[in-house]
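> Here's a structure for you.
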Amino acid sequence: MAAPTWPPTPQDADKATLEEYGEAARAVLAAETDEEAEHALLAAFLMGRVKRQLTDGVDVGLPLEEVRRPLAGWVRMVSGLDVDIAVNDPACTDTHDIYLPRAVPAPETPEEDRLLYRCMAMVQAGFLALGLLDDKRFLAEIHADWVFRNAWHLLATRLVVRLWSERYPGLRKDFAALPLLDKAGIMRVNLSEVPRRGMPGAFRPLYDGLVRFPTDDRLPPGPTAEDSVARAALVAVDRLDLSTLPGRKGAPLVLSGQARRLREEYRRLRLGPPPLPYVAGVLRPEWILDDLARDLAYEQEWKKGNTPLRSLLKAMQQKGAGGGIQDKLKRAMRPGRVANVPDPADLVTNELQARPEEDGSRQYDEWNAERGHYVVAATRVTEEPAGSGPIESYQRIVDANRAQIDRIRRQFAALRVEERWVHGLPDGTEIDLNRAVSAMADIKAGHTPKVDWYVRFQRQRQQTAILTMVDLSGSTQGGIIYREQEALVLFSEGLRVLGFPHAFYGFSNQGPMACAWQRIKGWEEGYDETVFKRIGNLRPGGATRLGAFIRHAAWSLGSQPQQRRILMVLSDGRPEDRGQYRGSYGVKDTAMAVHEARRQDVHVHCISMDASEGAEEYLAEIFGKGRYLLLDDVDKLPTRLPEVFKGLVR
Amino acid sequence: MSALPYYRPTGNEIEVFETAARLKLPVLLKGPTGCGKSRFVRYMASKLSRPVITVACQEDLAAADLTGRFMLEGGETVWRDGPLTRGVREGAIVYLDEVVEARSDVMTVLHPLTDDRRVLPLDRTGEELAAPDSFLIVISYNPGYQSVTRELKESTRQRFVSLSFDYPDEAVETEIVAKESGCDAATAARLVEIGRATRKLKSHGLKEGASTRLLVYAGQLVTGGLPLRQACEATLVGSLTDDQEMTRSLRELLRSVLG
Ligand SMILES: Nc1ncnc2c1ncn2[C@@H]1O[C@H](COP(=O)(O)OP(=O)(O)OP(=O)(O)O)[C@@H](O)[C@H]1O
Ligand SMILES: [Mg+2]
């Protein structure tokens, strides 16, 4: 299949849908048993989705990022759900957060684009508010049967739209305006644009009913048998008593009852599989699988019932030996999310084993800019103590920098906002005797005294948590790592005087899953021999998967109680690791990581010693203008680090 | 007796307070801003026929501000009672609003008053005032706001009978807003709906959602002749945030609810 372009035209969308599901359809028709047919469908569903790609240079409408925060706030308020908004295409939800496409098609028409985002978000929120996604087993079941799934989704979306329209007049307007929007068709939020070629008659009134909600009288007249079943289903859904919702029980039952009814009718008429609209995206299959696996594992039912999932896994094991399917599935299972499953060795294959993260390591997603989505749990960061060695190496650095250390101590002492008495106030807590006496003298002499004889105690102001992360990758070998050590010595002396909580970590990695976060001085650690020895004996080696480390640093800072958080990044080159993590991939992921950190209120600042060409550009892209310092001379690092910091807290 | 101020109880708080007052036990009111704590204290004081002295605490408030100090007046130093001392002498209800904001020595002054000694030692004058039976300390505290360093110390917390306040449920809040602002029930219901929605933004960009107080303000603006949307804009958007993105969310909310 030709690589799809983005944004797709309605014709493209049409074609993609047919191609996408055509193969599944053929496989289903060729299947000899029902079970085989279901496997084929489920396999296609799990593995075969055409991703729409957002390639560089394509015109897009209002990017999600520009509306994400206000939109998330709004969704929280109108839905009453505690959800966040993140990126995925198509729109879906994992029942915790809502995922929306990173952009909508060009041209940018801000009001329309916002409307589109609002509607996409509220469809997802509706599924959550109505409790339609609570029963994971049921979801797995409907996902194995296209007719069932489509009918259910359509009815569910209709219900969702009704729910919000009844509750909020403004949302009623939004949903009413939706079918008029071309973009909605392209994004397939608007079902009228779903290709009708090959669509069985039984589905037509459903589509029409959804698009032309909420009044029945606007349904097209259709006296055929198929129509009447679909109509009955719609009416049943419309009659649902929403005043008792979110009752979280009735709605899913009525919906699935009606969807089953449609399926029966559909089978009876021997119609081929219908095209699948992804109107309601709803759940990413791997998330369903993940949750399901968890449930099933808990109940130790894997070896018993013939669940579709188990059959599927078996089928894959047989067919997929040597193929990529198992790998894909394994990745889809998101090890981080199954952490609590009791001994998964009992699962169908060992490769599905969950990896408990008892070692305190953490996994992070990675941003694939080219694809426009996150690669889930792509990296793992593990904390370990940095290497150690003789104390003399530390002592030597201190001896060589005596004068500098004294100077920095003085400078940092001046930065300190101490608790102190403020004199000369017109009102205060205590009387300042000296001033009071001179005021008395003034009064006695017949002068008007200056009313400034009070003093007041002022307490310390905002504390700041500072994390400094130091590049220990192989390229720092030689001069750079020594300057980094000096910088740490000077900076630590200053910070100790200042009394702000701080930590020093080194970073370097061997591939994405072995990112070593090397503790030089942890938050709680005091300055003792252990810390001195680590500072004096840093050792270079490994690569620079910077994005993962910045995410981890932001997390670490987030665990500190201080409201102001600063992250200082010392690095000597561009983000680079084996595989695709180089060039613009690494830069863009790191830029995204910095962006994420800033959203968590971390001030990120970088000092780079990269002498290579193009350093300015990628640093600006990652950290933003004015948020990095490119040193032309490595020797300046030790003195510049404290200076940059001073500039940040002043 | 003069008319009691309007207070709509939301639980058994009146009974608890009366009992505590009878037993001379100090009271701690917990809850977010504008949910009726001050109103409740005024109501109770009036019900129990006691004067009430309210002190709004802020971070520079020190013990001396409460107890009193020597002032220079016409060339002489004169002792002036602070509000707490005055309250002890008069047997009043002393209400310390947002007490954790105050400097820590304030707590030290309160301690002997809040256990069975019930005395106020005045170091500067060498006096030790015994509190009369009608004297009662009430403090308030908003657990949501404080940083870890501003939490109520255990030794303080455990000296008080606590009453937890929160924004009342939908029906009660609607009643309060209508009654306090004079707007009609439908408007009050709309305001409460919007107000409750904004509380979902707490710790997601807003420190607090709209308080009952703010909803009353909005209602008053409507009663005063302003269209509902403008009244909401001026209170529920403008007074809640300066942040552009939050403002946008709140505007969208108004649009969704009001159409
Ligand atoms: N239960 C209630 N009965 C009557 N009025 C109420 C009630 N709750 C809130 N109000 C209204 O809300 C307004 C604000 O309440 P109040 O001043 O008591 O808040 P507060 O809890 O003391 O807030 P803060 O912590 O900001 O001082 C009152 O003036 C009143 O109009
Ligand atoms: Mg008050």
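> Checking buried surface per residue: for region A:70-86, which residues lose a minimum of 10 Å² accessible area in the protein assembly relative to the chain alone (1.4 Å probe)?
By number: A:P70, A:G73, A:W74, A:R76, A:M77, A:V78, A:G80, A:D82.
> Next question, about the same structure. Compare each residue of region B:44-87 in its chain alone against the assembly with all protein chains, and report those whose accessible area goes down by 50 Å² or more; 1.4 Å probe, heavy atoms.
Buried on complex formation: B:D60, B:R69, B:L72, B:G75.
> On average, how many beta carbons from a partner chain sit within 10 Å of the beta carbon of a residue in A:164-171? If you can, show how the numbers build up before the last one.
Details: counts 1, 0, 0, 3, 8, 5, 8, 4.
Across the residues of A:164-171, the mean count of other-chain Cβ atoms within 10 Å is 4.
> To the nearest hundred square angstrom, how large is the accessible surface buried between A and B, total for both chains, probe 1.4 angstrom?
Numbers: alone 29680 and 13190 Å², together 39840 Å².
Adding both sides of the contact gives about 3000 Å².
> On to the next question. What residues in region B:241-256 lose 20 Å² or more of accessible surface when the other protein chains are added to their chain alone (1.4 Å probe)?
Buried by the other chains: B:E245, B:M246, B:R248, B:S249, B:E252, B:L253, B:R255, B:S256.
> Here's another thing I want to ask about it. Return the subset of A:K625/A:K646; A:K173/B:K200; B:K47/B:K207; A:K521/B:K30 for which the Cα-Cα distance in this structure is over 28 Å, preserving the input order. Numbers along the way, then the final one.
Details: A:K625/A:K646 18 Å; A:K173/B:K200 23 Å; B:K47/B:K207 34 Å; A:K521/B:K30 40 Å.
Cα-Cα > 28 Å for B:K47/B:K207; A:K521/B:K30; rest within.
> Turning to a different aspect of this structure: Is there a quick way to get the dipole size of region B:1-62? I mean about its Cα centre, with the Cβ of Lys and Arg at +1 and of Asp and Glu at -1; what is the value in debye to the nearest 20? Write out the running numbers ahead of the final one.
Details: 9 positive and 5 negative charges, 46 e Å.
Using Cβ point charges on Lys, Arg, Asp and Glu, region B:1-62 gives about 220 debye.
> Excluding A:A121 itself, what net charge comes from residues whose Cβ is under 12 Å from its Cβ, given Lys and Arg +1 and Asp and Glu -1? Before the final figure, lay out the partial values.
On the way: positive: A:R68, A:R76, A:R114, A:R118; negative: A:D84, A:D97, A:D174, B:E252.
Surrounding charge for A:A121 is 0.
> State the answer as a single residue: which of B:L206, B:Y167, B:I93 lies farthest towards the positive end of the charge dipole of chain B, with beta carbon charges of +1 for Lys and Arg and -1 for Asp and Glu, about the Cα centre.
Checking the options against the dipole of chain B, the answer is B:Y167.
> Moving on. Can you give me the orientation-averaged projected area of the convex hull built on the Cα atoms of region B:13-164, in nm²?
Values: hull surface 37.0 nm².
That works out to 9.3 nm².
> Counting only protein heavy atoms and using a 1.4 Å probe, what share of the accessible area of chain B belongs to carbon plus sulfur, as a whole percent?
Working: 5620 of 11710 Å².
Answer for chain B: carbon and sulfur cover 48 percent of the accessible area.
The values are calculated or read from the model by the stated rules, or taken from the named source; none is laboratory data. The shown structure was predicted, so the numbers you read here are calculated from the model rather than taken from an experiment. No Cβ is skipped: glycine too gets one built from the backbone with ideal geometry, and neighbour counts run over all protein chains shown. Ligands, DNA and RNA are excluded from the accessible area calculation, which covers all protein heavy atoms including side chains. Shrake-Rupley method; radii C 1.70, N 1.55, O 1.52, S 1.80 Å.
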